Amino acid sequence: MPILLFRVDERLIHGQVVIGWGNELRPERYLVVDDELSGSDWEQELYRLAVGDGTEVSFLTVERARQELLQWTASEERTLLLTRNIDSMLRLARDRALEGRAVNLGGIHHAEDRTRVRSYLYLDEADRERVRALEAEGAHVSGRDLPGSLKVGLEDLQEE
Amino acid sequence: MSSGAGARGLVVGHGTMASGMVDAVRHIAGVADDVLVGLSNEGKGPDALKDEIGRLGGDGTVIVFTDMHAGSCAMAARVASRSGGRRAVICGVNLPMLLEFVFHRNDPLDQLVPRLVEQGKSSITAHMPNADPPVSG
């Protein structure tokens, strides 16, 4: 089974992902791609607590994830891949590694310089540029917090 | 009921759950505003939520009650509890647990926390008067 969801969410593994998407997609594994977290044992332990049902959770650097990506997409394991910012997802997608894949923007919250796209999604100009770059790499980017919500298309993501 | 020297409680949850639970406790038990405080994760990223929990917790003894264990509230609470005063995080809060907290918050933390967990668990009951009888072999 290929990777079922590529998602950008600042909170990574949390209620919407485990319960909302988890019940819909029934993942057997979460892959968290984040350079900083991949070196932090105590934070990894906290995220594993958040899953709590024995579902496998792996933490990898972007570089390592790029090496493993083909193997994961060919794997039988039902997998959700998470990054906590668009930059990590874009680095993963370089050289058209995510060509034809849907990339879900699920949670980037309010901060200085970010403007509101939806209640769960605020983007600054650098993020909008990264969205354009993801599309240029062949990925299809949209916003959606939960499986039952309406998708936010590229045009809305680019609006100021 | 004034804050005094006992533990303070911080309820953290999705939507308006936390403020609603705190409001319910105040209606039932009557507590000072700073004894039990509600906080929503609505619109807050992980760092903002963690910082807010740390700010509201201050330096004293605080129990952070979260709505469920697999959520951004619990994650932020666990991270925030690594600094500040004495901290405990209890996930899966319910109203009987909070009422028990209000009346026993002067107990030592290592006795209070298991007491609250037990109260929360034991207060969940089910009544099914019209359920089908069990099928016997």
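The values are calculated or read from the model by the stated rules, or taken from the named source; none is laboratory data. The structure presented is a predicted model; accordingly, all values stated were derived computationally and were not measured. Here Cβ is always computed from backbone atoms with ideal geometry, including for glycine, and neighbour counts include all displayed protein chains.
Determine if region B:59-82 includes at least one residue that is free of Cβ contacts under 8 Å to residues at least 40 places away in the same chain, more than 24 Å from residue A:49 (Cα to Cα) and either over 15 Å from the mean Cα position of the chain (by Cα) or within 14 Å of chain A (Cβ to nearest Cβ) (or both). Within region B:59-82, one or more residues are free of Cβ contacts under 8 Å to residues at least 40 places away in the same chain, more than 24 Å from residue A:49 (Cα to Cα) and either over 15 Å from the mean Cα position of the chain (by Cα) or within 14 Å of chain A (Cβ to nearest Cβ) (or both). Within the set A:70, A:5, A:82, the sole residue that is more than 25 Å from residue A:148 (Cβ to Cβ) and either crowded, with 20+ Cβ neighbours inside 10 Å or at pLDDT below 95 (or both) turns out to be A:70. For the subset of region B:26-44 comprising residues that are buried (at least 21 other Cβ atoms within 10 Å of the Cβ) and of a type in the set (Val, Ile, Thr), which member is modelled with the highest pLDDT? Filtering first and then ranking leaves B:35. Here residue A:156 clears all of (1) surrounded by 13 or more Cβ atoms within 10 Å (Cβ to Cβ); (2) under 20 Å from residue A:82 (Cβ atoms) except the condition numbered (2). So in region B:45-58, with the set limited to residues that are surrounded by fewer than 17 Cβ atoms within 10 Å (Cβ to Cβ) and of a type outside the set (Lys, Arg), which one is farthest from the other protein chains (Cβ to nearest Cβ)? For region B:45-58, the residue satisfying everything is B:58.
Among the residues of region A:12-25, those that are closer than 13 Å to residue A:81 by Cα and either in contact with an Asp or Glu (Cβ under 9 Å, 6 or more places away or on another chain) or not aliphatic (A, V, I, L, M) (or both) comprise A:12, A:17, A:18, A:21, A:22. Looking at region B:104-116, can you tell me whether even one residue there is within 14 Å of chain A (Cβ to nearest Cβ), surrounded by 15 or more Cβ atoms within 10 Å (Cβ to Cβ) and among the hydrophobic types (A, V, I, L, M, F, W, C)? Checked region B:104-116: no residue is within 14 Å of chain A (Cβ to nearest Cβ), surrounded by 15 or more Cβ atoms within 10 Å (Cβ to Cβ) and among the hydrophobic types (A, V, I, L, M, F, W, C).
Going by the conditions given, is residue A:76 closer than 25 Å to residue A:142 by Cβ, in contact (Cβ under 8 Å) with a residue 60 or more places away in the chain and surrounded by fewer than 14 Cβ atoms within 10 Å (Cβ to Cβ)? No.
Filtered by the rule that a residue be modelled with pLDDT of 90 or more and of a type in the set (Gly, Ala, Ser), region A:38-56 gives A:38, A:39, A:40. Residues considered: A:103, A:62, A:57. Of these, the only one that is within 17 Å of the chain's Cα centre (by Cα), hydrophobic (A, V, I, L, M, F, W, C) and within 13 Å of residue A:3 (Cβ to Cβ) is A:103. Would you check which residues across region A:133-153 are surrounded by 13 or more Cβ atoms within 10 Å (Cβ to Cβ) and either in a helix (DSSP H, G or I) or free of Cβ contacts under 8 Å to residues at least 40 places away in the same chain (or both) and list them? A:133, A:134, A:135, A:141, A:143, A:149 - these are the residues of region A:133-153 that are surrounded by 13 or more Cβ atoms within 10 Å (Cβ to Cβ) and either in a helix (DSSP H, G or I) or free of Cβ contacts under 8 Å to residues at least 40 places away in the same chain (or both).
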